[in-house]
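Q: One structure follows; several queries about it will come next.
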Amino acid sequence: MGITGGSLFQITRWDDVEHALRDPQTFSSASNLEHMAPYMGELILGMDGNEHREYRSLVAPAFRASRLAHWEDAVIRPSIEMYVDEIAPLGRAELVSDITRRFPARVICAIVGVPVEDSAQFQEWSELINGGPMHPKAGMAASRAMREYLEPLVEARRAEPRADLLSDLVHAEVDGEHLTDERLYGFLRLLLPAGAETTYRAMGNALTALLLHPDVMERVVADRDLVPALIEETLRWETPVAQVSRVATTDTDVAGCPIPAGGAVAVIVGSADREATRYDDGERFDIDRSVQTHLAFGTGPHQCLGMHLARLELRVGLDVVLERLPNLRLDPAASPPVIEGLAFRGPTSLPVLFDASPSAAEGAIR
């Protein structure tokens, strides 16, 4: 369905946001195809109904919580420990460039089956692809480069499958049919950016919250059982994906506001997650909130497939950072961190100081 010209409708209140996300018959995801298909190709984000359910079922098993324990020990913890060990002896760092942008990209590359030594390149491509609607030339170039890189890996998995998600996708079937190349590369262009981009922003938001609230930092350092509450409050307080796109399939209305068929709709998750009628002083960061539910991972048929992986990465990543970088604090010589962005939100820089210590490897040698 094409999007009509004219007004953009925004849905901002919790009940209305939740309803829109749970009602794909009225609020279709097809608008994502118009926005992102030039950069990602045919992607699950723009599918609805049976088509969406069938193709989601192909990748869902890889992201179930029960499947993630292997990745925690094999990839997630070793990756964050490696990056933290690089900066631990220095006593100062910029956590976005040194940690948060690098860590989730390496994890999703390992799960998919992309060589982890190329994860920095995939992080760069991911950011350019996600920014394609704003910078089309750069987004298209990154999309082509990612596909050219992946093509020989795909052909190798066709000939000799391995125990990775790439092999699962290459050999997956829907109603007896294998994925077409366009849908295969559409999955990959979505999974790699989604697995890297949103988690790195969420981790940056959590660290920003701790650094701006030293009293909370002190509590979490002393009691690591508070990390899950820290994660859920961060996801509510600064939702890393603050809005999603939908298109009305029929004439409808939200809270008395008429929306015509074909109307473009921005579902503002970040607003719903701070709504005053649901959260007491919703603008305030508070890990002791009695209500910990939020819409950061969406809801309904398009609820984020990677939410269990994201929570696991955040839990392990924050635990290692707080353990290995003692007395972590903002660098007083630098500007205070700012969480910014429209659709994707996170800090662009986190200059910090901490008590220098030998890396784990150096400590073992000594």
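Q: Tell me, which strands (runs of 3 or more DSSP E) wholly within segment 189-291 include 3 or more residues that are surrounded by 19 or more Cβ atoms within 10 Å (Cβ to Cβ) and in contact (Cβ under 8 Å) with a residue 40 or more places away in the chain?
A: The qualifying strands (runs of 3 or more DSSP E) are 243-248, 264-268.
Q: Shifting gears a bit: Kindly indicate which of V114, V84 is surrounded by 14 or more Cβ atoms within 10 Å (Cβ to Cβ), assigned to a helix (DSSP H, G or I) and either modelled with pLDDT of 90 or more or in contact with a strand residue (DSSP E or B) (Cβ under 7 Å, 6 or more places away or on another chain) (or both).
A: After ruling out the rest, the residue left standing is V84.
Q: If you go through segment 46-70 one residue at a time, how many are buried (at least 21 other Cβ atoms within 10 Å of the Cβ) and out of contact with any Lys or Arg (no Cβ under 9 Å at 6 or more places or on another chain)?
A: 1
Q: Let me ask you something else. Report whether or not E313 is touching a Ser or Thr at 6+ places or on another chain (Cβ under 8 Å), at pLDDT 95 or above, within 22 Å of T208 (Cα to Cα) and surrounded by fewer than 12 Cβ atoms within 10 Å (Cβ to Cβ).
A: It is false that E313 is touching a Ser or Thr at 6+ places or on another chain (Cβ under 8 Å), at pLDDT 95 or above, within 22 Å of T208 (Cα to Cα) and surrounded by fewer than 12 Cβ atoms within 10 Å (Cβ to Cβ).
Q: Could you please tell me which pairs satisfy a Cβ distance under 6 Å, a separation of 6+ or placement on different chains, a first residue in segment 115-141 that is under 21 Å from N32 (Cβ atoms), and a second residue that is charged (D, E, K, R) and crowded, with 16+ Cβ neighbours inside 10 Å?
A: Taking only residues 6 or more apart or on different chains, the pairs are S126/E197; N130/E197.
Q: Are any residues in segment 130-165 modelled with pLDDT under 90 and crowded, with 19+ Cβ neighbours inside 10 Å, and if so, which ones?
A: N130, G132, L165
The values are calculated or read from the model by the stated rules, or taken from the named source; none is laboratory data. As the structure is a prediction and not an experimental result, all values here were calculated from the model. Every residue, glycine among them, receives a Cβ derived from its backbone with ideal geometry; neighbour counts consider all protein chains shown.
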